[in-house]
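Report on one structure; see the data block that follows.
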């Protein structure tokens, strides 16, 4: 008679099966964690983004060269400005009031010094002042943005 080895240990096969189940569960858990952390988080961030607005209409560019308000020495500011607005009916008013708009822009530009223009905050303040002053002049809509296509202090 042949002696076959039948000393399979029933505990070893259960251990292997349990180990395999743990590995499968770990892989599933890791995949679920990856999906939740990376994929779903990126989708949620996209949901919180503001809706894209219609692109603004543009008026300009207009060139300006003015003396700055510096007292110690004569300084100049050269700027090319484009006005951004949303309401199409403003186009006509912007054309009709071009002289008044130019006057307001010159007054605001002249009120700034070289020191004001040396910082990002100063340029942001200039932009805000221009928008505020121009919007007090206009009646058919409002300026939403000021774009500087050229800005040089000399």
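The values are calculated or read from the model by the stated rules, or taken from the named source; none is laboratory data. On a predicted model such as this, the values are computed, not experimentally measured, just so you know. Here the Cβ is made from the backbone with ideal geometry for all residues, glycine too, and neighbour counts use every protein chain on show.
Evaluated against (1) within 29 Å of the chain's Cα centre (by Cα); (2) in contact (Cβ under 8 Å) with a residue 40 or more places away in the chain; (3) surrounded by 15 or more Cβ atoms within 10 Å (Cβ to Cβ), residue 63 falls short on exactly one condition, (3). Of all residues in segment 22-67, those that are within 30 Å of residue 98 (Cα to Cα) and at pLDDT 70 or above total 14.
Residues are listed down the side, and each one gets a yes or a no for (1) at pLDDT 90 or above; (2) surrounded by fewer than 18 Cβ atoms within 10 Å (Cβ to Cβ); (3) part of a loop (DSSP other than H, G, I, E, B); (4) touching a helix residue (DSSP H, G or I) at 6+ places or on another chain (Cβ under 8 Å):
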position: 69; (1), (2), (3), (4): no, yes, yes, yes
position: 73; (1), (2), (3), (4): no, yes, yes, no
position: 80; (1), (2), (3), (4): yes, yes, no, no
position: 128; (1), (2), (3), (4): yes, yes, no, no
